[in-house]
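> Handing you a structure now.
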Amino acid sequence: MAEFPIRLYEEGKVKFYAPDTKLYFERGSYIPGRTPVFYNPKMMLNRDIAVYSLQAYADEKKRGLMVCTPMAGCGVRAIRFVMETVGVKSIVINDINPRAVELIRKNLEFNKVKGNITVSCEDANALLSKYASKRERFDLIDLDPFGSPAPFTDSAIRALNPKGALLCITATDLAPLCGTHPRACLRKYGSKPLRVEYCHEVAVRILTFHSLSIAAKYDLALEPVLSHYAEHYVRIYFKCRLGARAADEKMRMIGYLLHCFSCSFRKLVQGYPTVFAHEECPNCGRRLEVAGPLWCGPIQNKEFVRRVAKIAEKEGNREASKVLRQILEEADAPPTYYNMHKLSSIAGVSCPPIENVIRRLMEKGFAVYRTHFSRVSIKTNASSGIILDTLRELALEKD
(Lines give C-alpha, C1' and ligand atoms only; values in the text may rest on other atoms or scores of the structure.)
Protein backbone atom coordinates (compact mmCIF):
# COMPACT_ATOMS: atom_id res chain seq x y z
CA MET A 1 0.00 0.00 0.00
CA ALA A 2 0.95 3.63 -0.47
CA GLU A 3 2.62 5.53 2.35
CA PHE A 4 -0.19 8.10 2.34
CA PRO A 5 -4.02 7.79 2.60
CA ILE A 6 -5.61 6.73 -0.68
CA ARG A 7 -9.14 5.99 -1.83
CA LEU A 8 -10.66 4.01 -4.67
CA TYR A 9 -12.33 6.17 -7.33
CA GLU A 10 -14.19 5.41 -10.54
CA GLU A 11 -14.05 7.39 -13.77
CA GLY A 12 -15.18 6.22 -17.17
CA LYS A 13 -14.47 2.49 -17.29
CA VAL A 14 -11.57 2.71 -14.86
CA LYS A 15 -11.37 2.16 -11.11
CA PHE A 16 -8.23 3.63 -9.62
CA TYR A 17 -6.50 4.64 -6.41
CA ALA A 18 -5.63 8.26 -5.72
CA PRO A 19 -4.98 10.43 -2.65
CA ASP A 20 -8.00 10.89 -0.40
CA THR A 21 -9.22 14.32 -1.54
CA LYS A 22 -11.06 14.93 1.75
CA LEU A 23 -7.71 15.44 3.48
CA TYR A 24 -6.54 18.28 1.23
CA PHE A 25 -9.16 20.99 1.62
CA GLU A 26 -8.28 24.54 2.57
CA ARG A 27 -10.95 27.16 3.25
CA GLY A 28 -13.55 24.89 1.72
CA SER A 29 -11.63 24.22 -1.52
CA TYR A 30 -9.70 21.16 -2.60
CA ILE A 31 -6.03 21.96 -3.27
CA PRO A 32 -4.68 19.30 -5.68
CA GLY A 33 -1.17 20.78 -5.55
CA ARG A 34 -0.92 19.80 -1.88
CA THR A 35 -1.45 16.08 -2.48
CA PRO A 36 1.50 13.65 -2.40
CA VAL A 37 0.43 12.45 -5.88
CA PHE A 38 -1.39 14.84 -8.18
CA TYR A 39 -5.06 14.12 -8.79
CA ASN A 40 -7.80 16.62 -9.63
CA PRO A 41 -11.37 15.27 -9.84
CA LYS A 42 -12.50 18.57 -11.40
CA MET A 43 -10.52 17.66 -14.54
CA MET A 44 -12.76 14.71 -15.36
CA LEU A 45 -14.41 16.57 -18.27
CA ASN A 46 -10.93 17.38 -19.57
CA ARG A 47 -10.03 13.68 -19.43
CA ASP A 48 -13.35 12.63 -20.99
CA ILE A 49 -12.83 14.85 -24.03
CA ALA A 50 -9.19 13.70 -24.25
CA VAL A 51 -10.31 10.05 -24.45
CA TYR A 52 -12.87 10.82 -27.18
CA SER A 53 -10.35 12.96 -29.09
CA LEU A 54 -7.76 10.17 -29.02
CA GLN A 55 -10.37 7.76 -30.40
CA ALA A 56 -11.38 10.23 -33.12
CA TYR A 57 -7.75 10.68 -34.14
CA ALA A 58 -7.07 6.93 -34.10
CA ASP A 59 -10.14 6.40 -36.32
CA GLU A 60 -8.81 9.04 -38.70
CA LYS A 61 -5.31 7.56 -38.90
CA LYS A 62 -6.55 3.95 -39.10
CA ARG A 63 -3.44 2.67 -37.35
CA GLY A 64 -2.08 2.05 -33.88
CA LEU A 65 -0.84 5.17 -32.12
CA MET A 66 2.20 5.74 -29.93
CA VAL A 67 0.96 7.79 -26.97
CA CYS A 68 2.72 9.65 -24.16
CA THR A 69 1.48 11.22 -20.92
CA PRO A 70 4.65 12.96 -19.58
CA MET A 71 3.02 14.18 -16.34
CA ALA A 72 0.65 11.36 -15.49
CA GLY A 73 -0.04 11.91 -11.78
CA CYS A 74 -1.96 8.89 -10.51
CA GLY A 75 -2.24 7.63 -14.10
CA VAL A 76 -6.02 7.75 -14.59
CA ARG A 77 -5.83 9.58 -17.93
CA ALA A 78 -3.30 7.15 -19.41
CA ILE A 79 -5.17 4.07 -18.15
CA ARG A 80 -8.41 5.41 -19.63
CA PHE A 81 -6.60 5.88 -22.95
CA VAL A 82 -5.69 2.20 -22.95
CA MET A 83 -8.96 0.79 -21.60
CA GLU A 84 -11.50 3.04 -23.32
CA THR A 85 -10.07 3.48 -26.81
CA VAL A 86 -9.21 1.26 -29.73
CA GLY A 87 -5.99 2.19 -31.46
CA VAL A 88 -3.30 2.64 -28.79
CA LYS A 89 -0.30 0.70 -30.08
CA SER A 90 1.95 1.68 -27.16
CA ILE A 91 1.95 4.19 -24.33
CA VAL A 92 4.62 5.81 -22.17
CA ILE A 93 3.30 6.84 -18.74
CA ASN A 94 5.68 9.12 -16.87
CA ASP A 95 5.85 11.23 -13.75
CA ILE A 96 8.82 12.79 -11.98
CA ASN A 97 7.32 11.88 -8.59
CA PRO A 98 8.39 8.36 -7.43
CA ARG A 99 5.23 8.05 -5.34
CA ALA A 100 3.15 8.79 -8.41
CA VAL A 101 4.96 6.08 -10.36
CA GLU A 102 4.30 3.62 -7.55
CA LEU A 103 0.60 4.50 -7.66
CA ILE A 104 0.51 4.25 -11.48
CA ARG A 105 1.89 0.71 -11.30
CA LYS A 106 -0.68 -0.16 -8.61
CA ASN A 107 -3.53 1.19 -10.76
CA LEU A 108 -2.31 -0.66 -13.84
CA GLU A 109 -2.19 -3.90 -11.87
CA PHE A 110 -5.59 -3.26 -10.26
CA ASN A 111 -7.20 -2.78 -13.69
CA LYS A 112 -5.28 -5.72 -15.18
CA VAL A 113 -4.10 -3.52 -18.04
CA LYS A 114 -1.97 -5.31 -20.60
CA GLY A 115 -0.14 -4.22 -23.71
CA ASN A 116 2.95 -2.29 -24.72
CA ILE A 117 3.12 -0.03 -21.66
CA THR A 118 6.22 1.75 -20.36
CA VAL A 119 6.15 3.40 -16.93
CA SER A 120 9.01 5.78 -16.15
CA CYS A 121 10.07 8.23 -13.45
CA GLU A 122 11.83 11.13 -15.16
CA ASP A 123 11.68 14.84 -15.68
CA ALA A 124 9.12 15.40 -18.46
CA ASN A 125 11.53 17.40 -20.63
CA ALA A 126 14.26 14.78 -20.26
CA LEU A 127 11.86 12.02 -21.24
CA LEU A 128 10.47 13.85 -24.28
CA SER A 129 13.97 14.84 -25.43
CA LYS A 130 14.95 11.15 -25.56
CA TYR A 131 12.17 10.46 -28.01
CA ALA A 132 12.97 13.53 -30.09
CA SER A 133 16.03 11.72 -31.46
CA LYS A 134 14.28 8.45 -32.24
CA ARG A 135 12.95 7.44 -35.62
CA GLU A 136 9.54 6.66 -34.14
CA ARG A 137 8.18 9.59 -32.22
CA PHE A 138 4.80 9.95 -30.56
CA ASP A 139 1.52 10.15 -32.46
CA LEU A 140 -0.18 11.76 -29.46
CA ILE A 141 1.27 13.67 -26.52
CA ASP A 142 -1.01 14.85 -23.74
CA LEU A 143 0.64 17.78 -21.96
CA ASP A 144 -1.32 18.36 -18.77
CA PRO A 145 0.92 20.13 -16.22
CA PHE A 146 -0.01 21.79 -12.97
CA GLY A 147 0.20 25.42 -14.08
CA SER A 148 1.85 26.60 -17.29
CA PRO A 149 2.72 24.22 -20.14
CA ALA A 150 5.29 26.70 -21.48
CA PRO A 151 8.38 24.99 -19.95
CA PHE A 152 7.45 21.73 -21.70
CA THR A 153 6.11 22.87 -25.08
CA ASP A 154 9.40 22.81 -26.96
CA SER A 155 10.39 19.28 -25.91
CA ALA A 156 6.85 18.01 -26.53
CA ILE A 157 6.80 19.41 -30.06
CA ARG A 158 10.21 17.87 -30.86
CA ALA A 159 8.88 14.46 -29.77
CA LEU A 160 5.90 14.57 -32.15
CA ASN A 161 5.73 12.35 -35.20
CA PRO A 162 6.44 14.77 -38.09
CA LYS A 163 4.31 12.63 -40.41
CA GLY A 164 1.26 13.58 -38.37
CA ALA A 165 0.44 13.79 -34.67
CA LEU A 166 -1.99 15.21 -32.14
CA LEU A 167 -0.66 17.50 -29.41
CA CYS A 168 -3.00 18.12 -26.46
CA ILE A 169 -2.14 21.04 -24.18
CA THR A 170 -3.78 22.21 -20.95
CA ALA A 171 -2.97 25.54 -19.29
CA THR A 172 -4.27 26.19 -15.79
CA ASP A 173 -2.33 29.42 -15.26
CA LEU A 174 -5.19 31.65 -16.36
CA ALA A 175 -4.10 34.63 -14.27
CA PRO A 176 -1.19 35.42 -16.63
CA LEU A 177 -3.03 34.39 -19.80
CA CYS A 178 -6.11 36.44 -18.92
CA GLY A 179 -4.21 39.60 -18.05
CA THR A 180 -4.10 39.61 -14.24
CA HIS A 181 -0.31 39.12 -14.36
CA PRO A 182 0.74 40.49 -17.78
CA ARG A 183 4.48 40.36 -17.07
CA ALA A 184 4.24 36.64 -16.33
CA CYS A 185 2.42 36.14 -19.63
CA LEU A 186 5.17 38.00 -21.49
CA ARG A 187 7.83 35.86 -19.81
CA LYS A 188 6.13 32.53 -20.39
CA TYR A 189 4.30 33.01 -23.68
CA GLY A 190 5.97 36.02 -25.32
CA SER A 191 2.64 37.81 -25.59
CA LYS A 192 0.87 40.74 -23.96
CA PRO A 193 -2.60 39.86 -22.59
CA LEU A 194 -5.54 42.11 -21.75
CA ARG A 195 -8.07 41.90 -18.91
CA VAL A 196 -11.14 41.95 -21.12
CA GLU A 197 -14.52 40.24 -20.70
CA TYR A 198 -13.60 37.66 -23.38
CA CYS A 199 -10.19 36.97 -21.84
CA HIS A 200 -10.59 33.18 -21.94
CA GLU A 201 -10.71 33.19 -25.72
CA VAL A 202 -7.73 35.56 -25.74
CA ALA A 203 -5.97 32.98 -23.53
CA VAL A 204 -6.65 30.28 -26.13
CA ARG A 205 -5.29 32.52 -28.89
CA ILE A 206 -2.14 33.41 -26.93
CA LEU A 207 -1.45 29.76 -26.10
CA THR A 208 -2.00 28.87 -29.75
CA PHE A 209 0.49 31.52 -30.86
CA HIS A 210 3.02 30.29 -28.32
CA SER A 211 2.72 26.68 -29.46
CA LEU A 212 2.77 27.16 -33.21
CA SER A 213 5.62 29.68 -33.09
CA ILE A 214 7.75 27.05 -31.33
CA ALA A 215 6.70 24.39 -33.84
CA ALA A 216 7.57 26.66 -36.75
CA LYS A 217 11.25 26.61 -35.66
CA TYR A 218 11.28 22.92 -36.58
CA ASP A 219 9.33 23.41 -39.84
CA LEU A 220 6.26 21.93 -38.20
CA ALA A 221 2.76 23.35 -38.67
CA LEU A 222 0.28 23.18 -35.80
CA GLU A 223 -3.44 23.60 -36.46
CA PRO A 224 -5.88 24.01 -33.54
CA VAL A 225 -8.72 21.56 -34.16
CA LEU A 226 -10.50 21.68 -30.80
CA SER A 227 -10.29 24.30 -28.05
CA HIS A 228 -12.33 24.68 -24.90
CA TYR A 229 -12.46 26.48 -21.59
CA ALA A 230 -13.83 25.16 -18.31
CA GLU A 231 -13.64 26.76 -14.86
CA HIS A 232 -9.89 27.13 -14.30
CA TYR A 233 -8.18 26.04 -17.52
CA VAL A 234 -8.03 26.26 -21.29
CA ARG A 235 -7.36 23.20 -23.42
CA ILE A 236 -6.22 23.00 -27.05
CA TYR A 237 -5.81 20.05 -29.41
CA PHE A 238 -3.37 20.62 -32.29
CA LYS A 239 -2.82 18.53 -35.39
CA CYS A 240 0.82 18.55 -36.40
CA ARG A 241 2.37 18.10 -39.85
CA LEU A 242 5.82 18.64 -41.30
CA GLY A 243 6.46 21.38 -43.86
CA ALA A 244 8.10 24.80 -43.89
CA ARG A 245 5.47 26.14 -46.28
CA ALA A 246 2.64 24.92 -44.06
CA ALA A 247 4.36 26.45 -41.03
CA ASP A 248 4.69 29.76 -42.88
CA GLU A 249 0.97 29.69 -43.69
CA LYS A 250 0.11 29.29 -40.02
CA MET A 251 2.48 32.09 -39.00
CA ARG A 252 0.64 34.43 -41.38
CA MET A 253 -2.38 34.05 -39.11
CA ILE A 254 -0.49 35.64 -36.22
CA GLY A 255 -1.53 39.16 -35.35
CA TYR A 256 -2.81 41.45 -32.62
CA LEU A 257 -6.00 42.34 -30.82
CA LEU A 258 -7.15 45.96 -30.60
CA HIS A 259 -9.65 46.69 -27.83
CA CYS A 260 -11.46 49.76 -26.54
CA PHE A 261 -12.18 49.66 -22.82
CA SER A 262 -14.70 52.47 -23.21
CA CYS A 263 -17.18 51.01 -25.72
CA SER A 264 -15.91 47.40 -26.08
CA PHE A 265 -14.95 47.80 -29.74
CA ARG A 266 -12.48 45.12 -30.71
CA LYS A 267 -10.64 44.03 -33.86
CA LEU A 268 -8.16 41.28 -34.73
CA VAL A 269 -5.42 42.47 -37.08
CA GLN A 270 -3.12 40.00 -38.81
CA GLY A 271 0.53 40.90 -39.20
CA TYR A 272 2.97 42.84 -37.06
CA PRO A 273 2.20 46.26 -35.55
CA THR A 274 3.19 49.49 -37.22
CA VAL A 275 0.79 52.20 -36.09
CA PHE A 276 -1.19 50.38 -33.38
CA ALA A 277 0.43 52.19 -30.49
CA HIS A 278 -1.77 55.31 -30.68
CA GLU A 279 -4.68 54.12 -32.84
CA GLU A 280 -8.06 55.53 -31.86
CA CYS A 281 -11.35 53.68 -31.50
CA PRO A 282 -13.53 54.33 -34.58
CA ASN A 283 -16.65 54.35 -32.37
CA CYS A 284 -15.77 56.66 -29.49
CA GLY A 285 -12.31 58.06 -30.24
CA ARG A 286 -10.65 56.59 -27.15
CA ARG A 287 -7.17 55.08 -27.39
CA LEU A 288 -7.16 51.39 -28.28
CA GLU A 289 -5.23 48.93 -26.14
CA VAL A 290 -3.21 46.16 -27.79
CA ALA A 291 -2.84 42.47 -26.94
CA GLY A 292 -0.59 40.01 -28.66
CA PRO A 293 0.94 38.58 -30.63
CA LEU A 294 -1.82 35.96 -30.77
CA TRP A 295 -3.53 33.57 -33.16
CA CYS A 296 -6.12 35.25 -35.41
CA GLY A 297 -7.40 32.15 -37.22
CA PRO A 298 -10.06 29.55 -36.36
CA ILE A 299 -9.75 27.79 -33.01
CA GLN A 300 -12.02 24.88 -33.96
CA ASN A 301 -12.12 22.38 -36.83
CA LYS A 302 -15.78 21.47 -37.39
CA GLU A 303 -15.14 18.03 -38.83
CA PHE A 304 -12.85 16.98 -35.98
CA VAL A 305 -15.17 18.40 -33.30
CA ARG A 306 -18.13 16.66 -34.94
CA ARG A 307 -16.40 13.28 -34.78
CA VAL A 308 -15.38 13.79 -31.14
CA ALA A 309 -18.95 14.84 -30.27
CA LYS A 310 -20.39 11.73 -31.91
CA ILE A 311 -18.12 9.51 -29.82
CA ALA A 312 -19.15 11.36 -26.65
CA GLU A 313 -22.82 10.85 -27.53
CA LYS A 314 -22.23 7.19 -28.28
CA GLU A 315 -20.66 6.79 -24.85
CA GLY A 316 -23.67 8.49 -23.25
CA ASN A 317 -21.62 11.31 -21.73
CA ARG A 318 -24.17 14.12 -21.45
CA GLU A 319 -21.84 16.78 -20.06
CA ALA A 320 -19.12 16.27 -22.67
CA SER A 321 -21.74 15.99 -25.45
CA LYS A 322 -23.33 19.28 -24.40
CA VAL A 323 -20.00 21.13 -24.37
CA LEU A 324 -18.85 19.65 -27.68
CA ARG A 325 -22.17 20.38 -29.40
CA GLN A 326 -21.96 23.99 -28.24
CA ILE A 327 -18.40 24.22 -29.54
CA LEU A 328 -19.57 22.76 -32.85
CA GLU A 329 -22.37 25.33 -33.14
CA GLU A 330 -19.98 28.25 -32.57
CA ALA A 331 -17.17 26.89 -34.75
CA ASP A 332 -18.04 29.25 -37.63
CA ALA A 333 -18.65 32.27 -35.42
CA PRO A 334 -16.54 35.43 -35.63
CA PRO A 335 -13.66 35.70 -33.14
CA THR A 336 -14.23 37.00 -29.59
CA TYR A 337 -17.52 37.13 -27.71
CA TYR A 338 -19.63 39.86 -26.15
CA ASN A 339 -20.63 39.68 -22.49
CA MET A 340 -24.18 41.05 -22.17
CA HIS A 341 -23.69 42.21 -18.58
CA LYS A 342 -20.58 44.16 -19.57
CA LEU A 343 -22.22 45.79 -22.59
CA SER A 344 -25.41 46.55 -20.66
CA SER A 345 -23.26 48.38 -18.13
CA ILE A 346 -21.60 50.37 -20.92
CA ALA A 347 -25.04 51.13 -22.42
CA GLY A 348 -26.33 52.25 -19.03
CA VAL A 349 -29.29 49.86 -19.01
CA SER A 350 -30.37 46.74 -17.15
CA CYS A 351 -29.30 43.52 -18.84
CA PRO A 352 -32.23 42.01 -20.79
CA PRO A 353 -32.73 38.25 -21.24
CA ILE A 354 -30.02 37.07 -23.62
CA GLU A 355 -32.65 35.34 -25.80
CA ASN A 356 -34.23 38.75 -26.49
CA VAL A 357 -30.88 40.17 -27.60
CA ILE A 358 -30.26 37.22 -29.89
CA ARG A 359 -33.72 37.44 -31.43
CA ARG A 360 -33.48 41.19 -32.06
CA LEU A 361 -30.00 40.96 -33.63
CA MET A 362 -31.17 38.12 -35.89
CA GLU A 363 -34.19 40.23 -36.92
CA LYS A 364 -31.69 42.87 -37.99
CA GLY A 365 -29.96 40.31 -40.21
CA PHE A 366 -26.94 39.44 -38.09
CA ALA A 367 -25.59 35.98 -37.33
CA VAL A 368 -25.62 35.22 -33.61
CA TYR A 369 -24.12 32.28 -31.72
CA ARG A 370 -24.12 31.18 -28.10
CA THR A 371 -20.65 30.28 -26.80
CA HIS A 372 -19.32 27.67 -24.39
CA PHE A 373 -16.92 30.29 -23.03
CA SER A 374 -19.70 32.12 -21.16
CA ARG A 375 -23.40 31.59 -20.51
CA VAL A 376 -24.09 35.33 -20.61
CA SER A 377 -22.19 36.02 -23.84
CA ILE A 378 -22.74 35.78 -27.57
CA LYS A 379 -20.63 35.72 -30.71
CA THR A 380 -21.92 37.78 -33.62
CA ASN A 381 -20.92 39.69 -36.73
CA ALA A 382 -22.73 42.72 -35.35
CA SER A 383 -20.40 45.43 -34.05
CA SER A 384 -20.27 46.48 -30.43
CA GLY A 385 -22.00 49.73 -31.42
CA ILE A 386 -24.96 47.86 -32.91
CA ILE A 387 -25.21 45.63 -29.84
CA LEU A 388 -25.19 48.70 -27.56
CA ASP A 389 -27.97 50.30 -29.63
CA THR A 390 -29.94 47.06 -29.48
CA LEU A 391 -29.61 46.88 -25.70
CA ARG A 392 -30.89 50.46 -25.41
CA GLU A 393 -33.80 49.67 -27.74
CA LEU A 394 -34.83 46.69 -25.65
CA ALA A 395 -34.57 48.76 -22.46
CA LEU A 396 -36.87 51.45 -23.92
CA GLU A 397 -39.42 48.85 -25.03
CA LYS A 398 -39.43 47.37 -21.53
CA ASP A 399 -40.12 50.79 -20.03
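> Among LYS61/LYS112; LYS239/LYS310; LYS61/LYS163; LYS106/LYS239, which pairs are too far apart, with a Cα-Cα distance over 21 Å? It would help to have the intermediate numbers written out before the result.
Values: LYS61/LYS112 27 Å; LYS239/LYS310 19 Å; LYS61/LYS163 11 Å; LYS106/LYS239 33 Å.
In this structure, LYS61/LYS112; LYS106/LYS239 exceed 21 Å between Cα atoms.
> For the pair LYS15/LYS62, report the inter-label distance in nm, with labels modelled 7 Å from Cα in the Cβ direction.
Label at LYS15, label at LYS62, 3.9 nm between them.
> log10 I(q)/I(0), Debye, Cα-only segment 307-399, no solvent, q = 0.10, 0.11, 0.13 Å⁻¹?
-0.31, -0.37, -0.48
> Do any trypsin sites (Lys or Arg not before Pro) in segment 80-136 lie in a DSSP loop with no more than 11 other beta carbon atoms within 10 Å, and if so, which?
On the way: sites: ARG80, LYS89, ARG99, ARG105, LYS106, LYS112, LYS114, LYS130, LYS134, ARG135; in loops: LYS112, LYS114, LYS134, ARG135.
Counting only loop positions with at most 11 other Cβ atoms within 10 Å, the trypsin sites (Lys or Arg not before Pro) in segment 80-136 are LYS112, LYS114, LYS134, ARG135.
> Hey, can you rank 346-358, 65-77, 317-329 by average C-beta count inside 10 Å, highest first?
Listed from highest to lowest mean packing, they are 65-77, 317-329, 346-358.
> Suppose R0 equals 22 Å; then what is the FRET efficiency for ASN283 and ARG195 from their Cβ-Cβ distance, rounded to the nearest 0.05?
0.65
> Over segment 87-205, with a single point scatterer placed on each C-alpha, what log10 of the ratio I(q)/I(0) does the Debye formula yield at q = 0.09, 0.13, 0.18 1/Å?
-0.33, -0.64, -1.00
> Evaluated at 20 °C with a viscosity of 1.002 mPa s, what Stokes-Einstein diffusion coefficient in µm²/s does segment 1-103 have when Rh comes from the Kirkwood expression over alpha-carbon pairs?
On the way: Rh = 14.5 Å.
Stokes-Einstein gives a translational diffusion coefficient of 148 µm²/s.
> Follow-up question, since we're still on this one. Where the centroid of each part is defined by its Cα atoms, how far is segment 141-175 from segment 226-264 in Å?
Segment 141-175 and segment 226-264 have Cα centres separated by 14 Å.
> Still on this structure, please answer the following. First compute the accessible area of the chain with a 1.4 Å probe, then give the percent of it belonging to carbon and sulfur atoms.
50
> Right, next: For n ≥ 4 DSSP H runs only, could you compute -39500 (n - 2.57) per run for the chain, divide by its residues and tell me the 222 nm figure to the nearest 500?
Calculated mean residue ellipticity at 222 nm is -12000 deg cm²/dmol.
> Same structure again: Placing +1 at every Lys and Arg Cβ and -1 at every Asp and Glu Cβ, with all other atoms neutral, what dipole size does segment 100-250 have around its Cα centre, in debye to the nearest 20?
340
> By the scheme Lys and Arg +1, Asp and Glu -1, what is the net charge of all other residues having a beta-carbon under 12 Å from that of HIS200? Before the final figure, lay out each step's value.
On the way: positive: ARG195, ARG205, ARG235; negative: GLU197, GLU201, GLU231.
Around HIS200, the charge tally is 0.
> If you don't mind, another one. Select from GLY292, ILE254, THR336 the residue farthest towards the positive end of the dipole of segment 192-337; place +1 on Cβ of Lys and Arg, -1 on Cβ of Asp and Glu, and compute about the Cα centre.
ILE254
> Related question: If I take R0 = 25 Å and measure r between the Cβ atoms of SER29 and ARG306 in this structure, what FRET efficiency does the formula 1/(1 + (r/R0)^6) give, to the nearest 0.05? Mind dumping the intermediate values first?
Numbers: r = 36 Å, r/R0 = 1.44.
After rounding to 0.05, the efficiency reads 0.10.
> Against the 2.2 N^0.38 Å scaling, with N counting residues, where does the chain land? I'd like the Cα-based Rg ratio to two decimal places.
In units of the 2.2 N^0.38 Å rule of thumb, it is 1.03.
> What is the magnitude of the charge dipole of segment 46-113 about its Cα centre, with +1 placed on the Cβ of each Lys and Arg, -1 on the Cβ of each Asp and Glu, and no other charges, expressed in debye to the nearest 20?
Computed about the Cα centre, the dipole is about 140 debye.
> Taking the Cα centre of the chain as origin, sum charge times position over the Cβ atoms of Lys and Arg (+1) and Asp and Glu (-1), and report the length of that vector in debye to the nearest 20.
640
> Here's something else I'd like to know. Per residue, how big is the convex hull around the C-alpha atoms of segment 85-130? Give it to me in cubic angstrom, could you?
77
> When ligands, DNA and RNA are left out and all protein chains stay put, how many square angstrom of accessible area per residue does segment 304-378 have with a 1.4 Å probe?
51
> Just to be sure I understand the curve: with the Debye formula and one point per C-alpha of segment 257-346, what is log10 I(q)/I(0) at q = 0.12, 0.24, 0.25 Å⁻¹?
-0.55, -1.13, -1.18
> Let me ask something else. For a quick check: with amide H placed at 1.01 Å from N, whose amide H comes under 5 Å from GLN300's, ignoring anything fewer than 5 positions away on the same chain?
Residues meeting the amide H criterion: none.
> Using modelled amide H (1.01 Å from N, peptide plane; none on Pro or chain starts), what sits under 5 Å from the amide H of PHE261, excluding residues fewer than 5 places away?
Amide H neighbours of PHE261, under 5 Å, 5+ apart: GLU289.
> Expressed as an acute angle from 0 to 90° and rounded to the nearest 10, what is the orientation of the C-alpha long axis of helix 318-329 relative to the principal long axis of the chain?
The two axes meet at around 50 degrees.
The values are calculated or read from the model by the stated rules, or taken from the named source; none is laboratory data. Just so it is clear, the structure is predicted and the values come from calculations on it, not from any experiment. When we count neighbours, we look across all protein chains shown, and the Cβ atoms used for this are built from the backbone with ideal geometry, even at glycine. SASA here: full protein model, heavy atoms, side chains in, ligands and nucleic acids out. Shrake-Rupley method; radii C 1.70, N 1.55, O 1.52, S 1.80 Å.
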